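S.K.: What follows is a single structure, and I will ask about it in a moment.
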Amino acid sequence: MNYIFKALRGLLNVARSGWMLRGVPPGIAENIAEHSFIASLICLDLCTKLGLDKTTIDRIVVMALVHDLPEAFIGDIAKYSNAEIERIKKSLEIEVLEKNIDNEYIRNLFKEYREQQSLESNIAKLCDYIATYMVGSIYRLQGFEVSDIIENMYRDIVEISKKLNIDYKLLGEYLNL
């Protein structure tokens, strides 16, 4: 079976665990495909506003598109504060990616994202956090108790934007819902 078809099943059918752990029903909870699309769209918009060149924008958008691809095969493992669990999760993601994705470009973009050593990977991570923040804000308006996720994402957004020297005012339209 084609790896894209296998991935598609998981991406469309796996709800993000953080939302469900906070009471958002699986039928309402954002799935991995929705999250990746939203993060990619934010990347496209933000990178254009930052004045990045087209090649760099394309790379960042595609990186955001594939940043959670291994979750299609292993599920969405909730974030833990335990460093050992995070290390195991990252190792498992690389292993499942190598086993299931035969496209070297996709594998390399995912690894670059995970390493968080390039400008492109940092911007993709920023957009990942903004996407989570925005969806969390919608769930909060619907009455779900997701404030901890929103607060954590906000803190991470501020931290990364400072690291990248991105004017916080530029991010305001994503954060002021």
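Only the coordinates and a few stated rules stand behind these numbers; no lab work does. Predicted, not measured: the structure shown is a model, and the values here were computed from it. For neighbour counting, all protein chains shown are included, and Cβ atoms are generated from backbone atoms with ideal geometry for every residue, glycine included.
S.K.: Which count do you get for residues in region 149-171 that are free of Cβ contacts under 8 Å to residues at least 40 places away in the same chain and either part of a helix (DSSP H, G or I) or in contact with a helix residue (DSSP H, G or I) (Cβ under 6 Å, 6 or more places away or on another chain) (or both)?
M.R.: Within region 149-171, the subset free of Cβ contacts under 8 Å to residues at least 40 places away in the same chain is 150-162, 165, 167-169.
So of that shortlist, the ones also either part of a helix (DSSP H, G or I) or in contact with a helix residue (DSSP H, G or I) (Cβ under 6 Å, 6 or more places away or on another chain) (or both) come out as 150-162, 168-169.
Counting residues in region 149-171 that are free of Cβ contacts under 8 Å to residues at least 40 places away in the same chain and either part of a helix (DSSP H, G or I) or in contact with a helix residue (DSSP H, G or I) (Cβ under 6 Å, 6 or more places away or on another chain) (or both) gives 15.
S.K.: Let me ask something additional. Does region 107-120 hold any residues that are part of a helix (DSSP H, G or I) and under 15 Å from the mean Cα position of the chain (by Cα), and which are they?
M.R.: Answer for region 107-120, where residues must be part of a helix (DSSP H, G or I) and under 15 Å from the mean Cα position of the chain (by Cα): Leu109, Phe110, Lys111, Glu112, Tyr113, Arg114, Glu115, Glu120.
S.K.: Further question: Only one of these is loosely packed, with under 13 Cβ neighbours inside 10 Å, within 24 Å of Arg9 (Cβ to Cβ) and touching a residue at least 40 places away in the same chain (Cβ under 8 Å): Asp76, Asp102. Name it.
M.R.: Being loosely packed, with under 13 Cβ neighbours inside 10 Å, within 24 Å of Arg9 (Cβ to Cβ) and touching a residue at least 40 places away in the same chain (Cβ under 8 Å) holds for just one of Asp76, Asp102, which is Asp102.
S.K.: When residues of region 45-61 are filtered for being of a type in the set (Val, Ile, Thr) and in contact with a helix residue (DSSP H, G or I) (Cβ under 6 Å, 6 or more places away or on another chain), how many remain?
M.R.: 3
S.K.: Which members of region 47-104 meet the condition of being within 16 Å of the chain's Cα centre (by Cα), part of a helix (DSSP H, G or I) and small (Gly, Ala, Ser)?
M.R.: Within region 47-104, Ala64, Ala72 qualify.
S.K.: Moving on. Before we move on, is Ser36 out of contact with any Gly (no Cβ under 9 Å at 6 or more places or on another chain), outside any loop (DSSP other than H, G, I, E, B), of a type in the set (Gly, Ala, Ser) and farther than 29 Å from Leu170 by Cα?
M.R.: It is false that Ser36 is out of contact with any Gly (no Cβ under 9 Å at 6 or more places or on another chain), outside any loop (DSSP other than H, G, I, E, B), of a type in the set (Gly, Ala, Ser) and farther than 29 Å from Leu170 by Cα.
S.K.: Take Leu44 and tell me if it is aliphatic (A, V, I, L, M), assigned to a helix (DSSP H, G or I) and either touching a His at 6+ places or on another chain (Cβ under 9 Å) or in contact (Cβ under 8 Å) with a residue 24 or more places away in the chain (or both).
M.R.: Numbers: aliphatic (A, V, I, L, M): yes; assigned to a helix (DSSP H, G or I): yes; either touching a His at 6+ places or on another chain (Cβ under 9 Å) or in contact (Cβ under 8 Å) with a residue 24 or more places away in the chain (or both): no.
So Leu44 fails the test.
S.K.: Sticking with this structure for a sec: With respect to Phe5, is the statement that it is aromatic (Phe, Trp, Tyr), under 19 Å from Tyr113 (Cβ atoms) and part of a helix (DSSP H, G or I) true?
M.R.: The answer is no for Phe5.
S.K.: Suppose we keep only residues that are within 16 Å of the chain's Cα centre (by Cα) and assigned to a helix (DSSP H, G or I) within region 8-33. Which one would you say is surrounded by the fewest Cβ atoms within 10 Å (Cβ to Cβ)?
M.R.: Checked region 8-33; the qualifying residue surrounded by the fewest Cβ atoms within 10 Å (Cβ to Cβ) is Leu12.
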